[in-house]
Amino acid sequence: MTQVYHLSILTCLIFSIILFAGLLYTCIIFYQEKEKRAGFRALLLALLLPPIYLLTWYYNWEVIALILTADLLITSILFLIPFGNKKNITDDFPKTQIDERDIMFSRNELKENTERFKEYYSKNPDKLKLDNEFRKEPGLTAEKSIFFNEFAYKAANASFFTVEQFHQAVDGDINPIKSNISKSDLSKFIKDWSRKLGALNVGITELKDYHFYSHKGRGEGYGNPIESNHTHAIAFTVEMSQEMVAAAPQSSIVMESAQQYLEAGRIAVQLAQFLRSLGFSARAHIDGNYQIVCPLVAREAGLGEIGRMGLLMTPKEGPRVRLGVVTTEFELDTDKRTKNNSMLDFCLQCKKCAEVCPSKSISFDDPKLVNGIKRWQINSESCFTYWCKAGTDCGRCMACCPYSHPDNLLHNFIRFGIKNSALFRMLAVHLDDFFYGRKPKSADLPNWIPKNNTDY
Ligand code: SF4
Ligand code: SF4
């Protein structure tokens, strides 16, 4: 027994040093991330917690040392042992295709007193009242919106304008001479080159019917059924800047969204052109010009899960990404998707996005049956109405999601625990609330964006 006491006392000394160093490192990281509240709290913990272990060692409090060591052992075991990762929280495969005419962007493009407008609402009378709400608001990047900022809005519109120029290049002529290339070589090259072009993560999947919209809902060919002979898709993410997202729902968010739509569009157009030059049909799916539902394709390509806020959540940047997709007839090597139940289980408990959503569009409930499958669904009408009021694409949910924290040693350590153990997930939700707050404040706009009319 004496030896056990000695060991416990020594453990207290070693742990007090590790704990102090760890909390100091945490504090530095938080300050580097401009998270003052979190940094202050980490500093407080660094000054309060290690002395408990240090005093135990110094005064040789044997029983307390034993209790503290046992506590330490149990916590480490909880952190390291995989536990509670098998729950089936949401269903994977939609039973029906989505009609692109029903999504908010398509409905926003309907002009009153046009044939298209009359036809759509005569078939969907229930949506007219809901849509009249967003039509009363100033609109995205509009002058009278809450977060109007001339520089940021015009910069965002310049990016949207540029991505629109790519629409004519999403598809094109195919080289009549097919290259005799191996599928493994091509798959590998596409992934490596995509990363070189700026993609963060890249995955490949086989296409299913439900990945495609049933009908076109935007631009030329409105209402036409979507037809494609493509069997495979390359999906990739591009990262949105933490600094620009943190100030959401202020104007930096729409600037960053537009910029990353442009980046994703550029990469997708390049990849599709490359495949066509090898003799294979390929199409880029970019902002304002999609035939497929990007988050579903990206999820099956192994890039993440669709969580409570309805966006694709990637393991390292969470929802703080934009997506690009290229579909092709070439049968590339596919990635095997492993459902990440730990992420969905974390969403079950966290609910932070629901808490901070200014339009209350995100549900606090568990996933429900929607069109025969169990999933979370946000209220897209109230969300879009808020966008039209704010003038930006809001992004408060994205900014506050614990998965959106930067990809660094500190947050990856927490992510490891979250992935491993259900008990650690419970702890992580409380830790995030403790450091960042249950309803974290929006950060200031990056100081290089001139501020005007930022009252809200
Ligand atoms: S904020 Fe929480 S509940 Fe919402 S998507 Fe992120 S992890 Fe899930
Ligand atoms: S974007 Fe804003 S309004 Fe829409 S769901 Fe997220 S937090 Fe709510």
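The values are calculated or read from the model by the stated rules, or taken from the named source; none is laboratory data. From a predicted model like this one, the values you see are computed outputs, not experimental measurements. Don't worry about glycine lacking a Cβ; one is built from the backbone with ideal geometry, like all the others, and counts go over all protein chains shown. Please note that ligands, DNA and RNA were not included when accessible areas were found on the heavy atoms of the full protein model with its side chains. Shrake-Rupley method; radii C 1.70, N 1.55, O 1.52, S 1.80 Å.
Which net charge results when you count Lys and Arg as +1 and Asp and Glu as -1 among the other residues whose beta-carbon is under 15 Å from that of Glu263?
My count for the surroundings of Glu263 gives 0.
Give the value in nm², to one decimal: projected area of the alpha carbon convex hull of the chain, averaged over all directions.
Mean orientational projected area (the chain, Cα hull): 24.8 nm².
Over all alpha-carbon pairs of segment 1-80, lay out the pair-distance distribution in 10 Å bins, whole %, shortest bin first.
20, 40, 28, 10, 2
Out of residues 5 or more away from Lys374 or on other chains, whose amide H comes under 5 Å of its own, with H placed 1.01 Å from N in the peptide plane?
Asp91
For Asn289, what is the net charge nearby, where nearby means another residue's Cβ is under 14 Å from its Cβ and Lys, Arg count +1, Asp, Glu -1?
-2
Starting from the Cα gyration tensor of segment 364-456, take the square roots of the eigenvalues, sort them a ≥ b ≥ c, and report rounded, prolate or oblate (rounded when a/c is under 1.5, otherwise prolate if a/b is larger than b/c, else oblate).
Judged from the Cα gyration tensor, segment 364-456 comes out oblate (a/c at least 1.5, b/c at or above a/b).
Quick check: residue separation of Ala158 and Asn60 times 0.36 nm, minus the Cα distance between them. What number comes out in nm?
28.5 nm
For segment 1-160, with all protein chains present and a 1.4 Å probe, just round the carbon and sulfur fraction of the accessible area to a whole percent.
Looking at segment 1-160 in its full context, I get 66 percent from C and S.
Apply the Karplus parameterisation 6.51 cos²θ - 1.76 cosθ + 1.60, with θ equal to phi minus 60°, to every residue of segment 142-149 and state each ³J(HN,Hα) to the nearest whole Hz, in sequence, with x for glycine and proline.
8, 4, 8, 6, 4, 9, 3, 8
Determine the sum of side-chain charges near Ser214: Lys and Arg each +1, Asp and Glu each -1, restricted to other residues whose C-beta is under 12 angstrom from that of Ser214.
Here the count lands on -3.
Testing the spin-label approximation: label points 7 Å from Cα along Cα→Cβ at Lys123 and Arg37. State their distance in nm.
4.7
For the chain, which DSSP H helices look membrane-span-like by this rule: Cα extent along the axis of 30 Å or more and mean Kyte-Doolittle of at least 1.6?
Helices meeting the span and hydropathy rule in the chain are 2-32.
In nm, to one decimal, how far is the Ala21 label point from the Lys196 one, both placed 7 Å along Cα→Cβ?
Rounded to a tenth, the inter-label distance reads 4.0 nm.
How much accessible area per residue does segment 60-207 have, counting only protein heavy atoms and a probe of 1.4 Å, in square angstrom? Write down the numbers at each step before the final one.
Working: 9550 Å² over 148 residues.
Normalised by residue count, the accessible surface of segment 60-207 is 65 Å².
Of all accessible surface on segment 351-448 at a 1.4 Å probe, what whole percent is carbon and sulfur?
Accessible surface attributable to carbon and sulfur in segment 351-448 totals 59 percent.
Give me the dipole magnitude in Debye, nearest 20, for the chain about the Cα centre, with unit charges on the beta carbon: positive for Lys and Arg, negative for Asp and Glu. Let's see the in-between values first.
On the way: 54 positive and 51 negative charges, 113 e Å.
Charge dipole, the chain, about its Cα centre: 540 debye, nearest 20.
Ignoring ligands, DNA and RNA, what accessible area per residue does segment 238-348 give at 1.4 Å, in Å²? Don't skip to the end; give the middle numbers.
Details: 2660 Å² over 111 residues.
Heavy-atom accessible area per residue stands at 24 Å².
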